[in-house]
1. Determine, yes or no, whether ARG20 is under 26 Å from LEU418 (Cα atoms), of a type in the set (D, E, K, R) and within 20 Å of the chain's Cα centre (by Cα).
2. Can you tell me which residues in the range 1-57 are under 21 Å from VAL86 (Cβ atoms), in contact (Cβ under 8 Å) with a residue 24 or more places away in the chain and charged (D, E, K, R)?
3. Residues in the range 253-263: is at least one buried (at least 16 other Cβ atoms within 10 Å of the Cβ) and of a type in the set (Val, Ile, Thr)?
4. If you scan the range 20-38, which residues turn out to be within 15 Å of GLY450 (Cα to Cα) and buried (at least 17 other Cβ atoms within 10 Å of the Cβ)?
5. Within the range 85-109, how many residues are within 16 Å of the ligand (Cβ to nearest atom), in contact (Cβ under 8 Å) with a residue 24 or more places away in the chain and either farther than 23 Å from PRO250 by Cα or not β-branched (Val, Ile, Thr) (or both)?
6. Which ranges mark the strands (runs of 3 or more DSSP E) fully within the range 18-104 that have 2 or more residues being farther than 26 Å from LEU440 by Cα?
7. Pick from LEU172, LEU139: which is in contact (Cβ under 8 Å) with a residue 60 or more places away in the chain and within 30 Å of PRO253 (Cβ to Cβ)?
8. When you go through ALA380, ALA348, ALA401 one by one, which is the residue that is surrounded by fewer than 23 Cβ atoms within 10 Å (Cβ to Cβ), of a type outside the set (Lys, Arg) and either assigned to a strand (DSSP E or B) or at pLDDT 95 or above (or both)?
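The values are calculated or read from the model by the stated rules, or taken from the named source; none is laboratory data. Keep in mind it's a predicted model, so treat the numbers as computed, not measured. So basically every Cβ, Gly included, is an ideal-geometry build from the backbone, and we count neighbours across all protein chains shown.
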Amino acid sequence: MTRGVIVNDVHSRLNPTRVREIVPVASLDALVDAVRAARRHGLPVCVGGGRHAMGGQAFVADGVFLDTRGLQRIGRLDPRAATVDVEAGIQWPALIDGLAARQRDAAEPLSIIQKQTGADRLTVGGAVSANVHGRGLTLRPLVGDVESLAMVDARGEVRAVSRGEDPDLFRLAVGGYGLFGVIASVTLRLAPRRKLERLVTVERVDDLVGAFSRRVGEGCLYGDFQFAIDESARDFLRQGILSCYRPVAPPTPVSDRVRELSKDDWRFLVELAHTDRRRAFQRYAEHTLATAGQVYWSDTHQLGVYFEDYHRALDRRLRARVPASEVIGELFVPRAALPDFMAQAAAALRRRGVVVVYGTVRLIERDGESFLQWARERYACVVFNLHTEHSRQGLAATAGAFRALIDLALGRGGSFYLTHHRWATRAQVEAGHPRMRDFLRAKTERDPDGLFQSEWYRHHVEMFGPWQASGVQERRARRYA
Ligand SMILES: Cc1cc2nc3c(=O)[nH]c(=O)nc-3n(C[C@H](O)[C@H](O)[C@H](O)COP(=O)(O)OP(=O)(O)OC[C@H]3O[C@@H](n4cnc5c(N)ncnc54)[C@H](O)[C@@H]3O)c2cc1C
């Protein structure tokens, strides 16, 4: 146990929070004990996995921070049901490796269906709690891959939660940002581990949705489009590289010497993206086009290179005056509105002088299950990774840019992801997430003493008015604010 420590998120580094103590939990019993002890002492509890959420969801000031990464066992693998029981703190690389090791002699091994792209050391519990998505071309968010959960609730009781058992809690907990209890384990749906060929083309945003549809028609299962990031070029946000992945016959050998970004390539490209975005995109495009035809496994192709503290070294190399990092924002737009959204986004970002370090477009199918659903339609999902100086002006520039992008998405019937920051205005949250009030109300009903909290939660309670929280919760929020 560590007392009075600052915790922070990994990517933006914009959420330093002094928690009262960090309690690592590595078993269900330890988790139950930790929750009950915090409850006895009247302390708020926050729950963390890989700490990649940038909106302050995993931390609460003066709270007990439960570090779930020790919960990493892989339990029963049921080949017939195509499910596996996993503890919630397991991270994707360990899960993928563990599944492969378990099924070394299996004729038709199973593996994960989707994970996030861009970073790997993220936990299954964190993924379920943000209801994440990967680069599936015809997939719903992760809720579609979750069979059931074992959770420790605010009374310290272990509960089985699924579509059949306490379905309301299931819908709240998936995408519930840890506010309804700690997920101890997840029964995750799996799919056959398949070989996939990578198909790479240069596309323009105007016909991107058509290009994606053609690839889906050809049987591709995964894909994304990385767009040009040089704001001084005509092609800014208009042209990019579409990489899609199509199943091939099982005997096809997996490329043994795949051209992949090495760690040095990755560092170099990230640096170029800060200093010479035209060359950065050219280099990225050359590299990616050269990978066309390579054959990958359906699970490991979703892993990638990422260095958790890359920006600190970059700041040193670039002799930055103030520390900086990137902040991600994700906008959801009805697919037909994508070209217009991208054109307006390019204009807004240019006008504001905000630097895009990378960006992608992916697809999502509608999620009709999770309570705080973000995929309310079949959207195109647009990710912007914005360079952000940790100064008043730098933060204001990024916050303003994301608010402008959110307005552009909302104006076209779209929405935005709540996971990456909390700069959306109240009107934007209400328009993009019309169930937020009911979500907060359900939280109060399920956890009347407000045991599970986060800075993200407090922000939204404040945003929607103290009437949302029970008296006890209000007192707690004030006591620990
Ligand atoms: C570089 C980068 C790339 C990303 N790419 C994607 C992407 O492709 N798609 C996407 O959808 N998202 C993406 N994200 C967002 C990321 O998936 C989410 O932030 C996710 O929640 C991170 O998981 P984590 O293990 O780091 O969780 P944390 O950040 O530690 O926690 C996130 C939330 O989950 C809760 N939580 C964690 N563990 C538990 C548990 N056991 N029980 C209950 N609640 C729990 C926390 O309380 C918190 O509310 C990306 C983020 C970064 C920084």
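1. No: the conditions fail for ARG20.
2. ARG51
3. no
4. VAL35, ALA38
5. Going through the range 85-109 one residue at a time, the tally reaches 10.
6. The strands (runs of 3 or more DSSP E) meeting that bar are 74-78, 83-87.
7. LEU139
8. Answer to the selection: ALA348.
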